[in-house]
């Protein structure tokens, strides 16, 4: 029998919870780390140990845990209403947030369709792109194109445009066929150009993660590649779907990655940081053209028949509005710029470590690639070691990811980097 609250919770976790992206055979033999509270960039476990949240609780936390403005907004909304459906009704925070999102996203996006997470945001964009062409009589435009090593979520539609075999190959018998661009960077751009010259009349859309392919290990795009893809898709009348679930809300140094190259996609998918790490919420933004492709007489049955129970949830939308208020009030992006420069300078020292193969960075998105075979779990070993220094990280295979809250101070960032450096230094290949 467990003798303490800590022991009881660890026993119950192992007995009842199936964790995502986790080999449970390993979990059952390891000591669970159970988080009990958070404040600022820090998390505290049930044993009282404090850690820097080095991956922003899976890339969602922006301004720190328990930010007073967001706390207050959620509490205020609780006193009003927790939830009301968006099917046939609307609600105040959802309306206000939609207007704000159109204001801050790339110019030309006009309509907001809410959902619950990044995967559903992409799934919605795929369905919109496909149905638009069906609704408007161009029924041959059904194909979807994506990058190699792409990741857009775990529902079957988003898995269909995924290109990471480790995550997706087991589901190949369940998903629809898509076209994978060859190579990376400019090789992928050249492949797209040739593909669209030959088959654009049969292609509905191109799905990309702008500038950074996150789950692939923080693979970075060369400058200008996104803009060239936009030019090609416009020339051949193919929709560009930008999945900014990971790159949005300041992660690359601008509010959205597309803004680095002045690109407006036809559909923009956002989630993760949208509520500052408080509540599940996502949105798919579209141009007026795509929206108009669904506006018909009811009897024609060309409605977008898609929705989720908690679409436009008022609590989540209230948190998202407060999140955007904090961006403005605290000048988050302006204050982020010197931190990005500091991070870039400090990361160069990681090449002194024999275990380091490559260091990739865009803004506050960092991947440190390590030597070793996949099954040696080098990245996992580093992330386990770094906990003794009071830091929580999570790897992508042999790539150690650093993606702290944007609110981290220079001193805290320095400590995070020092701890990561030491953990790599102490890990055997």
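The values are calculated or read from the model by the stated rules, or taken from the named source; none is laboratory data. Every value quoted in this text rests on a predicted model; they were computed, and no experiment measured them. When we count neighbours, we look across all protein chains shown, and the Cβ atoms used for this are built from the backbone with ideal geometry, even at glycine.
Going through 274, 241 one at a time, which residue ends up being touching a residue at least 12 places away in the same chain (Cβ under 8 Å), in a helix (DSSP H, G or I) and touching a helix residue (DSSP H, G or I) at 6+ places or on another chain (Cβ under 8 Å)?
After applying the criteria, what remains is 274.
Name every residue in segment 77-94 that is closer than 16 Å to residue 309 by Cβ and in a helix (DSSP H, G or I), in order of residue number.
94
For segment 68-90, name all the residues that are exposed (fewer than 12 other Cβ atoms within 10 Å of the Cβ) and without any contact (Cβ under 8 Å) to a residue 40 or more places away in the chain.
If the condition is that a residue be exposed (fewer than 12 other Cβ atoms within 10 Å of the Cβ) and without any contact (Cβ under 8 Å) to a residue 40 or more places away in the chain, then 68, 75, 79, 88, 89 are the ones that fit.
Quick one: which of 58, 109, 101, 97 is within 25 Å of residue 39 (Cβ to Cβ) and in contact with a helix residue (DSSP H, G or I) (Cβ under 9 Å, 6 or more places away or on another chain)?
Result of the check over 58, 109, 101, 97: 58.
Identify, by number, the condition in (1) out of contact with any strand residue (DSSP E or B) (no Cβ under 7 Å at 6 or more places or on another chain); (2) under 24 Å from residue 358 (Cβ atoms); (3) in a loop (DSSP other than H, G, I, E, B); (4) touching a residue at least 40 places away in the same chain (Cβ under 8 Å) that residue 260 doesn't meet.
In the conditions (1) out of contact with any strand residue (DSSP E or B) (no Cβ under 7 Å at 6 or more places or on another chain); (2) under 24 Å from residue 358 (Cβ atoms); (3) in a loop (DSSP other than H, G, I, E, B); (4) touching a residue at least 40 places away in the same chain (Cβ under 8 Å), residue 260 misses (3) alone.
So, of the residues in segment 339-360 that are in contact (Cβ under 8 Å) with a residue 40 or more places away in the chain and within 24 Å of the chain's Cα centre (by Cα), which turns out to be farthest from residue 48 (Cα to Cα)?
The extreme case among them is 360.
Go through (1) out of contact with any helix residue (DSSP H, G or I) (no Cβ under 7 Å at 6 or more places or on another chain); (2) within 20 Å of residue 229 (Cβ to Cβ) and name the single condition residue 138 misses.
Going through (1) out of contact with any helix residue (DSSP H, G or I) (no Cβ under 7 Å at 6 or more places or on another chain); (2) within 20 Å of residue 229 (Cβ to Cβ) one by one, residue 138 breaks only (2).
Looking only at segment 35-60, filter to residues that are touching a strand residue (DSSP E or B) at 6+ places or on another chain (Cβ under 6 Å) and not in a strand (DSSP E or B); which one of those is farthest from residue 326 (Cα to Cα)?
Filtering first and then ranking leaves 46.
Please state which one of 328, 348, 341 is surrounded by fewer than 16 Cβ atoms within 10 Å (Cβ to Cβ) and either farther than 30 Å from residue 420 by Cβ or in the same structural domain as residue 85 (by TED's automatic domain parsing) (or both).
None of the others qualify; the one that does is 328.
Within segment 420-427, is there a residue that is over 24 Å from residue 20 (Cβ atoms) and modelled with pLDDT under 95?
yes
Within segment 220-278, restricting attention to residues that are more than 16 Å from the chain's Cα centre (by Cα) and closer than 19 Å to residue 114 by Cβ, which residue is surrounded by the most Cβ atoms within 10 Å (Cβ to Cβ)?
Among them, the one singled out is 265.
Which residues, counting only those in segment 18-56, are surrounded by 12 or more Cβ atoms within 10 Å (Cβ to Cβ) and more than 14 Å from residue 387 (Cα to Cα)?
Those that are surrounded by 12 or more Cβ atoms within 10 Å (Cβ to Cβ) and more than 14 Å from residue 387 (Cα to Cα): 27, 36, 37, 38, 39, 40, 41, 46, 56.
Applying the selection to segment 225-238, what residues are in a loop (DSSP other than H, G, I, E, B) and touching a residue at least 40 places away in the same chain (Cβ under 8 Å)?
Scanning segment 225-238 gives 236, 238.
So, of the residues in segment 386-404 that are over 16 Å from residue 50 (Cα atoms), touching a helix residue (DSSP H, G or I) at 6+ places or on another chain (Cβ under 8 Å) and in contact (Cβ under 8 Å) with a residue 24 or more places away in the chain, which turns out to be surrounded by the most Cβ atoms within 10 Å (Cβ to Cβ)?
Here the residue is 400.
Being within 29 Å of residue 380 (Cβ to Cβ) and touching a helix residue (DSSP H, G or I) at 6+ places or on another chain (Cβ under 7 Å), is that true of even one residue in segment 66-86?
No, segment 66-86 has no match at all.
Keeping to segment 161-196, report how many residues are surrounded by fewer than 22 Cβ atoms within 10 Å (Cβ to Cβ) and more than 19 Å from residue 227 (Cβ to Cβ).
Matching residues across segment 161-196 total 19.
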